[in-house]
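The values are calculated or read from the model by the stated rules, or taken from the named source; none is laboratory data. Fair warning: this is a prediction, and the values are worked out from it, not measured in the lab. Positions of Cβ are generated from backbone atoms using ideal geometry, with glycine treated the same way; all protein chains shown enter the neighbour counts.
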Amino acid sequence: MATVIYRPVFFPVKPDSARVCRKPLRIVSSLVLLLAAEAAPALDKVILNISRIESQGFNLEELVLSVSALTHPPHRLSLTAQKLMLPPPFNQIDLINVKCLDFSWGDDEMICRQGQAEIHNDILASPSVTFSFHIRPKRSEFQLDPLRLGGGQMTLEGAQAADGWYLKGRATGIDSRLIRPYLPAAYQLSQGVLSFDFNAQGTALGPEKLGFKASLNKLSGQSLDGRIAAENAGLALSLRLLRQQDQWQWLSRVEFNGGAVYVEPLFLDAAQGPFALNMAGSVDRNFRRADIGYFSFRHPEAAVLNGSGTVVLTPGLFVEQADLALTATDVKTLSTVYLQPFLFGTALQGLLLEGALNADISLHRQALSKIGLSFTNLDIYEGKERFSLKDGAGRIDWAKEESFTRESIIAWRALQVAGIPIGPSGLSFSAKAKTLSLLEKTRLPLLGGYLAIDRFNWKANLDTDPDVHFIGAVESISLAQLTKALDWTPLTGSISGIIPGVDYRDKKLTLAGELTVKVFDGEIKIKDLASSGLFGDFPQVYGDISFDNLDLDALTGKFKVGGIEGRLSGFVHDLHLENWRPMTFYAWLGTPSEDDSRHRISQKAVQNLASIGGGGAAGLLSQTLLRFFDTFGYDRLGLGCYLNRGVCQLMGVAPAQQGYYIVKGGGLPRIDVIGYNTRIDWNVLLKRLERITASDEVLIK
């Protein structure tokens, strides 16, 4: 036996020329056959060293080609190479330490049927792989047989021809921890199994078709800051891309079908079924702008959101235009999952909605431009019970354009605002741009009576509170029901009155005209009412109040101050409140001169009125025969205060020898209540009013 070793040969061939690429194959083939033929009687093996062979974009470096069994056909050809590089777009994969145990070539082709090598790229950590390739002038192919990777396996194949190329791959059962080194340091992945299929087709100009399917099961992990987490999550993804001229057409689906996912502040649990997002559209070849022709998101057993739009992808994500349609059959689930997490820690924390609704939403340049909302059987609950609605139905339409004229209607079976119940009723209004206006007068059933709304206008402002204008009236509102709803001391009677006009603008509230309230069988009138900073940290209120012929029995019957029969009139002039605390006023409340009603006052009322004046001798009632009387007659009563700089200057119905009369007696049994303190600190006076069971001096004649 003999072996011939041929010296190194280099074939500089242009890989993009099919005609030239056939030349090295012919040279090598002819050379090996010539050596074998001439040396056949004496040689059993021929070894040929070649520096590089390039053909159809395939690049073999440092080749050793051997021909053996020359004396005993069929001949054996084998190939080893230091490196095999694939043509674009496969040139990210390099095979090293290549061995081809079943190798052949002819005039125009080179075939490796049983290849072994180590694969190397940025993701695969050089596992061993078996492969095959077939190089021809018009078409070349390669295939990587199943290779073990991360507890699973992966296959890869590709082909290149004059009219284009394709690449296919499949991976199953890959441990997702394999990608840990390629994740940002802020994310920790503890478990998961990855499987995927992909295919790509293209030409020398680049990819033309792309397809990708992947599933990720039992995924668990989280970010270090805890804002993103997954527990046994199941995810499925499919994507198809087709290039047409200067843009890509795409179709995609993302499905969350198992476990739980948390993305602050949302928590999604797939126990009820899969969450699915389907999209189709086009994107420019530079992936800067996407036109979404179809968009659909499904929340299992709760809602479907469909739509279309245009999104700018770079330099930052920006919604240029979108039209969305929401169909929600379970609003309770939607509000629990998507609304409550954003309201946590706010004034609306605990807000919950139930019912069904449909919504049509339009966005323009990242802002809402139009919305149409229809709903049935809608219930709204607010955690602190300041607002609730039951069996709401209607449609609300709003648009950014000032010319928008569509009517909105809302009706309900029960409504509660700030603890005050409003009976079955409805509203018709217009909502557009920054304004909301009542279209028709309405009467809302309220506490046994009605709240009449003749006009209501609301306008939003960019940097300040909204402007509000209101005209209406209250009719026969039950005081008993009102005080019960507000958890106040129970009162009897009713309230009626006209609200001529209330304006709130530039953080100032003003009353147009005079507000008249009929209560306690008399009238209370409020005029010159104004306020600034009403909803801020330091509100101020100004106004004048007058009281005309109020029934004292109805007014005092339910208070601890004690019962008083008769009438009461008076005023509060130049009232000024700061942060709801009185700064100054001039007030008087007393028996009107024309009052001819029965005047009686209870023993408890005597004691409490006496405590205001600071006389300190109300105990005389318990030391005389008057203790056997429940009520006493009086001629008139009254008490006034001028508040300035925290001090109240007190006055009564008439001067006394020492002090002033708070109650001037009359009839039998007769009793006088005299106050001795003419000046009193306002805070002290408030404490006395709070401590109305205190006794004070009562002078009896």
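Among the candidates ALA411, ALA418, ALA485, ALA460, single out the residue that is under 26 Å from GLU354 (Cβ atoms) and surrounded by fewer than 14 Cβ atoms within 10 Å (Cβ to Cβ).
ALA418 is the lone residue from the list that is under 26 Å from GLU354 (Cβ atoms) and surrounded by fewer than 14 Cβ atoms within 10 Å (Cβ to Cβ).
Can you find, within the range 312-334, the residue that is nearest to ARG289 (Cα to Cα) among those that are in a loop (DSSP other than H, G, I, E, B) and polar (S, T, N, Q)?
The qualifying residue nearest to ARG289 (Cα to Cα) is THR314.
Which one of these does ALA290 not meet: (1) in contact with a Leu (Cβ under 8 Å, 6 or more places away or on another chain); (2) under 26 Å from ALA356 (Cα atoms)?
The single condition ALA290 does not satisfy is (2).
One residue is enough: does the range 480-503 have a residue meeting the conditions under 36 Å from the mean Cα position of the chain (by Cα), within 24 Å of GLY533 (Cα to Cα) and without any contact (Cβ under 8 Å) to a residue 40 or more places away in the chain?
yes
Restricting the first residue to the range 265-278 and requiring it to be in contact (Cβ under 8 Å) with a residue 12 or more places away in the chain and among the aromatic types (Phe, Trp, Tyr), which pairs with a second residue that is surrounded by 15 or more Cβ atoms within 10 Å (Cβ to Cβ) and not in a strand (DSSP E or B) meet a Cβ separation below 9 Å and a spacing of at least six or different chains?
PHE267/VAL337; PHE275/PRO300
Out of the residues in the range 262-278 that are under 19 Å from the mean Cα position of the chain (by Cα) and either of a type in the set (Phe, Trp, Tyr) or modelled with pLDDT of 95 or more (or both), state the one that is surrounded by the fewest Cβ atoms within 10 Å (Cβ to Cβ).
Among them, the one singled out is PHE267.
Can you tell me which condition VAL283 does not meet? The list is (1) modelled with pLDDT under 95; (2) surrounded by fewer than 16 Cβ atoms within 10 Å (Cβ to Cβ); (3) in contact with a Leu (Cβ under 9 Å, 6 or more places away or on another chain), and all the others hold.
(2)
For the range 40-141, which fully contained strands (runs of 3 or more DSSP E) count at least 1 residues that are modelled with pLDDT under 75?
Filter on the range 40-141 gives 45-55, 58-68, 76-85, 94-105, 110-120.
Only one of GLU690, GLU697 is more than 30 Å from LEU577 (Cβ to Cβ) and either modelled with pLDDT of 85 or more or of a type outside the set (Ser, Thr, Tyr) (or both). Can you tell me which?
GLU697
Could we say that PHE342 is among the aromatic types (Phe, Trp, Tyr) and crowded, with 17+ Cβ neighbours inside 10 Å here?
Judged against the criteria, PHE342 is not a match.
Hey, could you check the range 186-213 for residues that are surrounded by fewer than 17 Cβ atoms within 10 Å (Cβ to Cβ) and small (Gly, Ala, Ser) and say which is nearest to MET154 (Cα to Cα)?
GLY211
If a residue counts only when it is within 18 Å of GLY501 (Cβ to Cβ), which strands (runs of 3 or more DSSP E) contained entirely in the range 419-459 have at least 1 such residues?
Where strands (runs of 3 or more DSSP E) fall fully within the range 419-459 and carry at least 1 residues being within 18 Å of GLY501 (Cβ to Cβ), they are 435-438, 442-446, 449-459.
Hey, could you check the range 626-680 for residues that are in contact with a strand residue (DSSP E or B) (Cβ under 6 Å, 6 or more places away or on another chain) and among the polar types (S, T, N, Q) and say which is surrounded by the most Cβ atoms within 10 Å (Cβ to Cβ)?
Filtering first and then ranking leaves THR631.
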